[in-house]
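Structure first, commentary second.
Read-outs: derived from the displayed coordinates by stated rules, not from any lab. Every value quoted in this text rests on a predicted model; they were computed, and no experiment measured them. We place every Cβ from the backbone using ideal geometry, glycine too, and count neighbours over all the protein chains shown.
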Amino acid sequence: MKKAYESKDLEAIKPALDNINEAWKQASEEMYKAQQEAGGADAPPTDGADAASSSDDDVEDVDFEEVK
């Protein structure tokens, strides 16, 4: 990817970027599987309702004004 970027060759950058994205996809899948096998204590909830029903959150609605 570095060589393709340095040469500013757009035709070489696309396949290099695709390779990086594929490697990231595989790595993230492996990390997710390892986390699930380890008990998944920090895993995101599978149902969005679980995250929203926590009574420990101190949420307050506020108004704001954008100052330019």
* To do: Under 25 Å Cα to Cα from Lys33, which lysines show up? Leave out anything in the same chain fewer than 8 places away.
  => Lys25
* To do: Neighbouring Cβ atoms within 10 Å as the yardstick, rank Glu60, Glu37 fewest first.
  => Glu60, Glu37
* Compute the length gained on full extension between Asp58 and Ala12: take 0.36 nm times their separation in residues and subtract their Cα-Cα distance, giving the result in nm to one decimal. => 11.5 nm
* Asked: Could you give the nm distance between label points at Gln26 and Ala4, where each point is 7 Å from its Cα heading toward the beta carbon?
  -> 1.6 nm
